[in-house]
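So the structure is just underneath, and the comments pick up after that.
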Amino acid sequence: MPDESLLDLKAVTKRFGGVTALSSVSFEVSKGKIVSVIGPNGAGKTTLFNCISGVLRPEEGQIGFGLKKTRDSLVGCAPHEIARMGIARTFQNIRLFGQQTVLENILTGTYVRTEAGLLDAVWPWTRRAHQESHWAMDKAMRLMERLEIDALADRPAKALSYGQQRRVELARALASDPEMLLLDEPAAGLTVHERQALMDFLRALRQEGLTILLIEHDMKVVMPVSDWVVVLDHGAKIAEGTPDAVQRHPQVIEAYLGVAAL
Amino acid sequence: MTGEQLFLQQLLNGLTIGAVYALIALGYTMVYGIIQLVNFAHGEIFMIGAYFGLSLFACFAAQAGAAISIGVLALGLIVAAAGSALLGFCIDRSAYRPLRKAPKLSALITAIGVSFVLQNTVMLIYGAQDRYVPSLAAAGSMDWMGVHWTAMQGLIFAVSLFLMIGLQWVVYRTPLGRSMRAVAQDPLAAQLMGISVDRVIAITFLIGSGLAGVGGVLFGVYYSTINFHDGYLTGLKAFTAAVLGGIGNIPGAMVGGLLLGLLEGLGAGYLSSQWKNVIAFGVLVLVLLIRPRGLLGERVGDRA
Amino acid sequence: MKKQRRDWMPWTFLILAVLPFFPFNSYQIDVMANAALYALLALGLNVIVGFAGLLHLGYAAFFAIGAYACAFLNLNLGYPFWICLPVSAAVAGAAAVLLGLPVIRVRGDYLAIVTLGFGEIVRIVVTNLEPWTGGPNGLMGIGHPMIGRFNFGVDSRPYYWLLTALLALTAWICSRLRRSRIGLAWAAMKEDELAAGCLGMDTTRLKLMALGVGGAVAGMAGSVFAAKQGTVTPDSFDFIVSVMILSMVILGGLGSVRGAIVGAVILSITPELLREFAVYRMLIFGLLMIVLMRVRPQGLFGASSLKRVLHAR
């Protein structure tokens, strides 16, 4: 790919005791593209996400993030440091703050883009804190409207339907103005209609210049939206390429689509 | 007393109390292993065990202060074990069981509440002052290698060793033990395999509390006094022992108990007895910092 | 945003401020001053347990550090109370952060036991460092506060006003904190530490902040306590004190500012009303904790969101 890469994985390996969950996985994610990671259950997709977002630390390999001139290594960074660099993520089994309202959940997304500390909360007359909270509120409102969850703003996140929760989690991740978005099975459990809306939304985000790394099971979602597809099986990369090329790849058909065809 | 003798004497004294810690630590570790609850009231069960023994001895002692025979002591151990086991069972049934699905914090706070209730109930029944516990009649002692060995110390070692080996046998050699280990690993899967999880938990409480009851009587007879406050501090130390050995790990609790007793005995001998209690807490903090899974514990993952 | 929940404050504190003008006897005023002291402590612990979700069982240690810091500064360096007050708060806050540093990564129930251990260590150290702390006998002759020529003396009334003023200030700060950026992050971290981390929240830092704020409030309460009593002894900072303050926070509802105050008032005044049952006092505390966890784990004023969820379905 000629485009400039934003995320660069080199020979990333993660072991749990004797089990190798990822073995020497390498690929690049170009800026402004949607890249999907596919593979059967247990292929190591979520482990890969956890390594990128700092939840897990890979034993070997490099993960670089950022454009060439200002590239940082992510290995060894804490999740909050990685979030600060501009990577936001969602979780396979949605992790919203259930006790808090939808609005509050989305506001927590703006945490990395704001700075007010303890003293700003105690000392009410600083302009910075005031402007900041207006900015955050505004941002949350716009995101809620865009994702059509503004009517739910004051509901506790727990009380929402599955599809609504997915949208809140997406809004929360976007509230941090990320450079790159990691989505872990965002279409799981959605209705056909919701799924179509999600695909349109992802395309719109790409139009705006956001880079997206997507884990997805559903080929009907992956193939139309992805610019590039990486296939994992048993922790190793077995293929990568454009959606069309990957679909024709014999090993992929055997490992993944072959299983699905059963 | 030469330096070497002092060292050996403190070693022996430390190991003796360490054996009692180990008996109590087993209850903490078994309950934690199975329902991930720090049973804060466990120290009180230990203390009440001592009072069970005391009440029984009072029936047999001809006059106040008289010593008891080995038979009466054995009877006391059995009664205390049974009484404490029953108490532990009732506590689980009435206080913890309804909170099985509640957040961990609620169960822990409940356990603190139970601990207060037990402590103060004992205080109301037996009074706040130290109670004298009769000692073992005709209990000899001997001096060997310049160290003073008492028969009571021997008895404490013998009883605790016997119980620990017995427990080890139950957990690793019987169907009951297999169900206990299954529930500890994955309660849901165990239930699907037809194991009654509630029953296994109840039995765990019975066994753990019974061991603490025995520890209580041994403790009382060894130190000759018991107070309603004793459960709190001794319980905390036993918990430290369980963490030191690796919480959830049965051999770990035994090793942790003996090791903590040893450290405390040496600390009391070489530093000063006022700082003795700091040692246990210091050990606790250090273990959690350096090796939170304890000496023998396996790596505990984030149970999401 | 959550609705403004601070409208109760001006009225409540106004009423509290004029209470001493009613014909209460000095014993009753003293009980009220004590209630205010406990309310202050409960507010501080509420920041740690209620806001940040750190179950702390050694809170009395910070209360002790504040009291001893005040006594030490007053007796050895001759500082007046009004300097001792902020300095003790800072010392206790710093101590809370320092003691928190090594154990902050320990989670949940382990943290509870470790903080309990630290609480006991502080008490044992205080009891044994005789040259500085007077050992088990404590320190005596701490100077009462003065405003101009007016000496607070031994009458409880001025202390009551002082404590009520500090309580009002702390309550106002706490309710602002809760709705601030930091407060929101605390609530998020309390529910799901991993998700909070992935949102860019430095959870270690956030926890230390909560400990610092809570410790400082306890230090403030400790220095007023020392100045009011004129003496400090280690047995005022027993584990039971930590548990009592925790019970107050839980009764009121974890995370609720109003709740912490109401819980403290109820639990510090009820035992005085039931003096003939004084021996049952701790028994009642224990039972209360058990029953509350069973019947109303969210406390009197606890997050109504639990209820909201039930109705929403």
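The values are calculated or read from the model by the stated rules, or taken from the named source; none is laboratory data. In this text the structure is predicted, and so the values were computed from the model without any measurement. With ideal geometry, Cβ positions are generated from the backbone for all residues, glycine too; neighbour counts draw on all protein chains shown.
Each row is one residue, and each column tells you yes or no for (1) surrounded by fewer than 19 Cβ atoms within 10 Å (Cβ to Cβ); (2) within 11 Å of chain B (Cβ to nearest Cβ); (3) in contact with a strand residue (DSSP E or B) (Cβ under 9 Å, 6 or more places away or on another chain); (4) at pLDDT 90 or above.
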position: C:248; (1), (2), (3), (4): no, no, no, yes
position: C:264; (1), (2), (3), (4): no, no, no, yes
position: C:267; (1), (2), (3), (4): no, no, no, no
position: C:271; (1), (2), (3), (4): yes, no, no, no
position: C:275; (1), (2), (3), (4): yes, no, no, no
position: C:304; (1), (2), (3), (4): yes, no, no, no
Inset, instruction - Residue by residue through the stretch C:248-266, note down the ones that are assigned to a helix (DSSP H, G or I) and among the aliphatic types (A, V, I, L, M). - result: C:248, C:249, C:250, C:251, C:257, C:260, C:261, C:262, C:264, C:265, C:266
Inset, instruction - Among residues belonging to the stretch B:1-52 that are part of a helix (DSSP H, G or I), out of contact with any helix residue (DSSP H, G or I) (no Cβ under 9 Å at 6 or more places or on another chain) and in contact (Cβ under 8 Å) with a residue 60 or more places away in the chain, point out the one that is farthest from residue B:230 (Cα to Cα). - result: B:4
Legend entry - Sole residue being of a type outside the set (A, V, I, L, M, F, W, C), surrounded by 24 or more Cβ atoms within 10 Å (Cβ to Cβ) and in contact with a helix residue (DSSP H, G or I) (Cβ under 9 Å, 6 or more places away or on another chain), chosen from C:212, C:219: C:219
Legend entry - helices (runs of 4 or more DSSP H) enclosed by the stretch B:90-207 - at least 1 residues per element that are within 14 Å of chain C (Cβ to nearest Cβ) and surrounded by 15 or more Cβ atoms within 10 Å (Cβ to Cβ): B:104-126
Inset, instruction - Select the helices (runs of 4 or more DSSP H) contained entirely in the stretch C:164-245, then report the ones holding at least 3 residues which are within 7 Å of chain A (Cβ to nearest Cβ), among the hydrophobic types (A, V, I, L, M, F, W, C) and more than 24 Å from residue C:134 (Cα to Cα). - result: C:181-191, C:193-198
Inset, instruction - Having 1 or more residues that are within 14 Å of chain C (Cβ to nearest Cβ), farther than 21 Å from residue A:169 by Cα and modelled with pLDDT of 90 or more is the bar; report the strands (runs of 3 or more DSSP E) wholly within the stretch A:20-95 that clear it. - result: none
Inset, instruction - Scan the stretch C:128-155 for residues that are more than 27 Å from residue C:213 (Cα to Cα) and assigned to a helix (DSSP H, G or I) and jot them down. - result: C:128, C:130, C:131, C:135, C:136, C:137
Inset, instruction - Look through the stretch A:104-127, keep the residues that are facing another protein chain (nearest Cβ under 7 Å) and closer than 30 Å to residue A:31 by Cα, and return whichever of them is modelled with the lowest pLDDT. - result: A:114
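Yes/no per residue for (1) in contact with a Ser or Thr (Cβ under 7 Å, 6 or more places away or on another chain); (2) crowded, with 23+ Cβ neighbours inside 10 Å; (3) within 14 Å of another protein chain (Cβ to nearest Cβ):
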| site | (1), (2), (3) |
| --- | --- |
| B:220 | no, yes, no |
| B:229 | no, no, yes |
| B:234 | no, yes, yes |
| B:244 | no, yes, yes |
| B:249 | yes, no, no |
| B:269 | no, no, no |
| B:293 | no, no, yes |
Inset, instruction - Could you tell me which numbered condition residue C:91 fails, if it satisfies all but one of (1) surrounded by fewer than 24 Cβ atoms within 10 Å (Cβ to Cβ); (2) of a type in the set (Val, Ile, Thr); (3) closer than 23 Å to residue C:235 by Cα? - result: (1)
Inset, instruction - Kindly list, by first and then second residue, each pair from a residue in the stretch B:133-159 that is over 14 Å from residue B:72 (Cα atoms) to a residue that is β-branched (Val, Ile, Thr), limited to pairs with Cβ atoms under 6 Å and residues at least 6 apart or on different chains. - result: B:141/B:150; B:153/B:16; B:156/B:16
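Would the stretch C:196-209 turn up any residue that is of a type in the set (Gly, Ala, Ser) and surrounded by fewer than 23 Cβ atoms within 10 Å (Cβ to Cβ)? Quick ask: steps written out before the conclusion?
Keep residues of the stretch C:196-209 that are of a type in the set (Gly, Ala, Ser), which gives C:196-197, C:200.
Now drop any that are not surrounded by fewer than 23 Cβ atoms within 10 Å (Cβ to Cβ), which leaves none.
No, the stretch C:196-209 has no match at all.
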Inset, instruction - Can you give me the number of residues within the stretch B:208-235 that are part of a helix (DSSP H, G or I), modelled with pLDDT under 95 and in contact with a Phe, Trp or Tyr (Cβ under 7 Å, 6 or more places away or on another chain)? - result: 3
Legend entry - Failed condition for residue C:146, given (1) within 18 Å of residue C:15 (Cβ to Cβ); (2) away from chain A (no Cβ under 14 Å): (1)
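So which of C:117, C:148, C:153 is surrounded by 20 or more Cβ atoms within 10 Å (Cβ to Cβ) and at pLDDT below 90?
Being surrounded by 20 or more Cβ atoms within 10 Å (Cβ to Cβ) and at pLDDT below 90 holds for just one of C:117, C:148, C:153, which is C:117.
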